[in-house]
Amino acid sequence: MKRGFAELTPAEALQAAISIERRNTEIYQNLAQTFASYDRSLGELFGSMAEEEVNHRLALEDYLRQQFPGEQPSQRLDPGIREVVEAPDLEEPEVFIFDNVTVDQAIDMAERAETEACDFYQAMARQVTDAGLKRLCQHMAEVEAEHRGTFVRWKQSRASAQDLQAPKGGSL
Ligand SMILES: [Fe+2]
Ligand SMILES: [Fe+2]
């Protein structure tokens, strides 16, 4: 029988969180590389996001090792855990096509990655009973929500810049 999110052990939930951070890092590294040459500020934004996701993963890995002796961060998420957390769509970054990605598609991809991470940490914060882990999840949820906000604002300012540039409609 398929397990629900609530049945994940705290260590398994941490492994899932680590895999989300690893995936998001790869997405940002690929986007940073893709945009470095033709949209420097966007490339730099993706690069700094990649660094933040690396730091999240390292913090989670430290927490896992300290609180769950014997547990090692896994490089690939156990299929049993993956099945449970399929709601945040844990696609591998390889499935994304980075060549020819437009600015809008890249921002959407980033926003989706952040939404999934935020939703995951919120769900995890509701489930875990350990106070320290709950605090960590709440903190991570807040940081991912801020990341998402960065992309939402980027999109809005891009849309208004395009509005300003757009030729005015014919007057009556
Ligand atoms: Fe993160
Ligand atoms: Fe993030």
In segment 114-146, what residues are farther than 25 Å from residue 65 by Cβ and either loosely packed, with under 14 Cβ neighbours inside 10 Å or out of contact with any Pro (no Cβ under 7 Å at 6 or more places or on another chain) (or both)?
114, 115, 145, 146
Residue count for segment 58-74, restricted to those that are among the acidic types (Asp, Glu) and part of a helix (DSSP H, G or I)
2
Considering only segment 13-49, state which residues are surrounded by 19 or more Cβ atoms within 10 Å (Cβ to Cβ) and over 17 Å from residue 118 (Cβ atoms).
15, 29, 30, 31, 32, 35, 42, 45, 46
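Just wondering, is there one or more residues in segment 123-131 that are within 11 Å of ligand 1 (Cβ to nearest atom), over 23 Å from residue 37 (Cα atoms) and assigned to a helix (DSSP H, G or I)? Walk me through how you get there before you give the answer.
Of segment 123-131, the ones within 11 Å of ligand 1 (Cβ to nearest atom) are none.
The answer is no, given that none of the residues of segment 123-131 is within 11 Å of ligand 1 (Cβ to nearest atom), over 23 Å from residue 37 (Cα atoms) and assigned to a helix (DSSP H, G or I).
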Is it the case that some residue within segment 83-103 is modelled with pLDDT under 90, among the polar types (S, T, N, Q) and at positive phi?
yes
Out of all the residues in segment 1-57, which are among the charged types (D, E, K, R), farther than 24 Å from residue 131 by Cα, away from ligand 2 (no atom under 15 Å from the Cβ) and in a helix (DSSP H, G or I)?
40, 44
Give all pairs with beta carbons closer than 7 Å in which a residue from segment 129-155 that is farther than 18 Å from residue 113 by Cβ meets a residue that is more than 11 Å from ligand 1 (Cβ to nearest atom); count only pairs at least 6 apart in sequence or on separate chains.
130/10; 133/10; 134/125; 134/128; 136/63; 138/125
Any idea which of (1) over 16 Å from the mean Cα position of the chain (by Cα); (2) under 23 Å from residue 47 (Cα atoms); (3) within 16 Å of ligand 2 (Cβ to nearest atom) is the one residue 106 doesn't satisfy?
(1)
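The values are calculated or read from the model by the stated rules, or taken from the named source; none is laboratory data. None of these values were measured; they are calculated from a predicted model. Glycine gets a Cβ as well: all are built from the backbone with ideal geometry, and neighbour counts include every protein chain shown.
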